[in-house]
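Notes follow once the structure below has been shown.
The values are calculated or read from the model by the stated rules, or taken from the named source; none is laboratory data. Please read these numbers as outputs of a predicted model, since none were measured by experiment. Glycine also receives a Cβ, built like all others from the backbone with ideal geometry; neighbour counts cover every protein chain displayed. Just the protein is used for accessible areas: all its heavy atoms, side chains included, with ligands, DNA and RNA removed. Shrake-Rupley method; radii C 1.70, N 1.55, O 1.52, S 1.80 Å.
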Amino acid sequence: MKKSPLHHRIAPGTRVRWDRFNTAECGDVTAKDARIADTERIVAQLDPLQERLYAEGRRSLLVILQAIDTGGKDGVIRHVMRSLNPQGCVVTSFKVPTPEERNQDFLWRVHKAVPAKGMIAVFNRSHYEDVLVTRVHGLITPADAKRRMHHINAFERLLVDSGTTVLKFFLAISKDEQRRRLQARLDDPHKRWKFSPNDLIERKSWTRYAAANAEVLSATSTTHAPWHLIPADHKWYRNYVVARTMLDTLKGMDPKFPPAPLGVDFKTIRIPR
Ligand code: AMP
Ligand code: MG
């Protein structure tokens with residue numbers, strides 16, 4: 001029996017222990033090629049489900065990707081979302097807030113990017129930056145962070161109540177795996193453009209990030225919008241789990257093609273020449 005990837009879901013109320021988490025978990029390592037083939041098949045199945053979601057036009061899916069630098073957010077978008085119809089999918093990458101964004105509440109820019117009915121939205125980073133990077137750098141107090149997390153839980157509740165399924169993935173890699181990936185960005189001329197000296201500064205706060213990640217995941221894995229904590233050292237495993245979770249979620253939503261418009265007798269109408 002294949003182990004369900006859904007065991008990576010963080011049950012609400014769980015206290016996440018970062019030091020105990022195995023970022024290299026990959027099920028059966030000898031199954032790598034089989035899992036890659038499975039991922040191909042799974043990714044191909046996302047497209048018809050997306051079409052039904054789009055046609056139905058009543059609900060939407062928000063996929064939130066969080067990870068430390070080099071954690072694989074871009075890789076997931078490239079490998080898992082590639083079969084989606086671009087017309088029904090919007091990817092938003094959240095960077096350091098602009099002066100305009102900074103003059104608003106922290107959810108303002110995020111709310112503008114949530115998916116319209118029928119759409120899938122993917123967040124490359126998200127409102128969780130506002131309780132992670134800001135927290136690690138002491139830009140907000142622990143009390144501010146707590147308040148913000150309450151706002152986040154309520155905001156996601158609002159989205160769910162409005163017909164949006166919220167799927168949250170935290171991609172976790174080890175410190176050693178990050179070292180390899182950052183080094184590769186320097187060594188490979190095709191990857192250098194991705195290297196930011198800031199990544200080295202952030203890396204120095206590894207332990208503080210680990211503590212903040214654990215706290216945020218524990219406080220914001222809710223029944224309406226649970227987190228999936230993905231072991232992401234092995235890219236093939238990471239892609240497989242994210243793809244399967246997306247497929248299971250879309251299948252669970254079970255979007256339906258709407259009927260023909262009222263009054264259209266589709267059985268008898270023949271299109272004239
Ligand atoms: P990248 O994803 O590599 O393009 O980097 C984007 C940078 O923007 C990262 O260093 C994030 O931590 C930072 N960032 C994103 N959102 C926020 C935020 N709300 N507050 C502060 N920094 C942020
Ligand atoms: Mg970066």
Which members of the stretch 170-193 meet the condition of being touching a residue at least 40 places away in the same chain (Cβ under 8 Å), within 15 Å of ligand 2 (Cβ to nearest atom) and either over 30 Å from Asn153 (Cα atoms) or open to solvent by 30 Å² or more (accessible area, probe 1.4 Å) (or both)? Arg181, Leu182, Arg185
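Quick check on this structure: which one of Gln45, Gln50 is within 18 Å of the chain's Cα centre (by Cα) and not β-branched (Val, Ile, Thr)? Walk me through how you get there before you give the answer.
Values: Gln45 fails: within 18 Å of the chain's Cα centre (by Cα).
Step by step, each of Gln45, Gln50 is checked, and only Gln50 is within 18 Å of the chain's Cα centre (by Cα) and not β-branched (Val, Ile, Thr).
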Do you know which residues across the stretch 155-171 are acidic (Asp, Glu) and closer than 21 Å to Met81 by Cβ? Glu156
Any chance the stretch 14-36 includes a residue that's in a helix (DSSP H, G or I), more than 16 Å from ligand 2 (Cβ to nearest atom), closer than 28 Å to Lys256 by Cα and among the acidic types (Asp, Glu)? no
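With Thr207, Thr220 as the choices, which residue is more than 19 Å from the chain's Cα centre (by Cα) and either within 16 Å of ligand 1 (Cβ to nearest atom) or farther than 30 Å from Thr249 by Cβ (or both)? So that I can check it myself, show each step before the final result.
On the way: Thr220 fails: more than 19 Å from the chain's Cα centre (by Cα).
Exactly one of Thr207, Thr220 is more than 19 Å from the chain's Cα centre (by Cα) and either within 16 Å of ligand 1 (Cβ to nearest atom) or farther than 30 Å from Thr249 by Cβ (or both), namely Thr207.
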When Arg58 is evaluated against the numbered criteria (1) open to solvent by 70 Å² or more (accessible area, probe 1.4 Å); (2) within 16 Å of ligand 2 (Cβ to nearest atom); (3) more than 23 Å from Met149 (Cα to Cα); (4) not in a helix (DSSP H, G or I), which criterion, by number, is the only one it fails? (2)
Mind listing whichever residues of the stretch 247-270 are open to solvent by 70 Å² or more (accessible area, probe 1.4 Å) and either acidic (Asp, Glu) or part of a helix (DSSP H, G or I) (or both)? Lys251, Asp265
